[in-house]
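Working notes for the structure below.
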Amino acid sequence: DTLKIFQDFISPFNQSLLNIFGGEEATTIQIAEYQNPTPYRNGQLIFRKGNSKINYDLLSHGEKQVVILLLNFVVRREQYENAIIFIDEMDCHLNTSLQQNLMHEIVTKWIPDSSQFWTVSHALGFIDYAKKSDIAAIIDFDNLNFDIPQTLQPVPKENLDIYEVAIP
């Protein structure tokens, strides 16, 4: 049922795009349609921005990375219950405010309360999100010898050394 697919998948996905990229539907990419594959052409995900329709291939690299991340959360939502979800270097070629928006959207909308989300990053927006969030922690793995047991503790968020990974 097309209406159910829109309500369950497309509408929340498009709302996340609005929350991440800001603006309004007229100025932010939104899924407009999906063209089924044929024997001569791959399936196509078509976005709308204002009055224009844009093939996924023509989105910026940062927009593509956000779409890929969100699609993974949409299709794997049930698998993320009672799980630790780890994404390495989720930097996405986005400016720092969009990185913060992306992290906030993932953590508050797509990660179940029964789960944890872990990422390794040198991106300032993700570091700033973790620093400002009451539900995030920053853990420094630098220069640890994992051939011997280690006890890891969150780094105090007021410690400016947390930025050393991004700005040495």
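Restricting the stretch 22-40 to residues that are farther than 18 Å from ASN72 by Cα and modelled with pLDDT of 90 or more leaves a set whose member that is most open to solvent (accessible area, probe 1.4 Å) is TYR40. Can you pull out the residues in the stretch 144-168 that are open to solvent by 100 Å² or more (accessible area, probe 1.4 Å), assigned to a helix (DSSP H, G or I) and of a type outside the set (Asp, Glu)? Selection gives LEU160 alone. Working only within the stretch 99-123, note down all residues that are farther than 16 Å from ILE135 by Cβ, free of Cβ contacts under 8 Å to residues at least 40 places away in the same chain and open to solvent by less than 20 Å² (accessible area, probe 1.4 Å). Scanning the stretch 99-123 gives a single hit, GLN99.
A quick yes/no check of all residues on (1) of a type in the set (Lys, Arg); (2) at pLDDT below 90; (3) not in a loop (DSSP other than H, G, I, E, B):
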site	(1), (2), (3)
GLN100	no, no, yes
MET103	no, no, yes
LYS109	yes, no, yes
HIS122	no, yes, no
GLY125	no, yes, yes
ASP134	no, no, no
ASP142	no, yes, no
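Taking the criterion of being within 25 Å of GLN7 (Cβ to Cβ), of a type outside the set (A, V, I, L, M), more than 13 Å from the chain's Cα centre (by Cα) and assigned to a helix (DSSP H, G or I), the residues of the stretch 53-98 that qualify are TYR56, ARG77, GLU78, GLN79, TYR80. The one condition from (1) among the β-branched types (Val, Ile, Thr); (2) within 21 Å of ASP161 (Cα to Cα); (3) open to solvent by less than 30 Å² (accessible area, probe 1.4 Å) that THR96 does not meet is (3).
The values are calculated or read from the model by the stated rules, or taken from the named source; none is laboratory data. Predicted, not measured: the structure shown is a model, and the values here were computed from it. In this analysis, Cβ positions are derived from the backbone assuming ideal geometry, glycine residues included, and neighbour counts consider all displayed protein chains. Note: accessible area is taken over every heavy atom of the protein model, side chains too, but ligands, DNA and RNA are not part of it. Shrake-Rupley method; radii C 1.70, N 1.55, O 1.52, S 1.80 Å.
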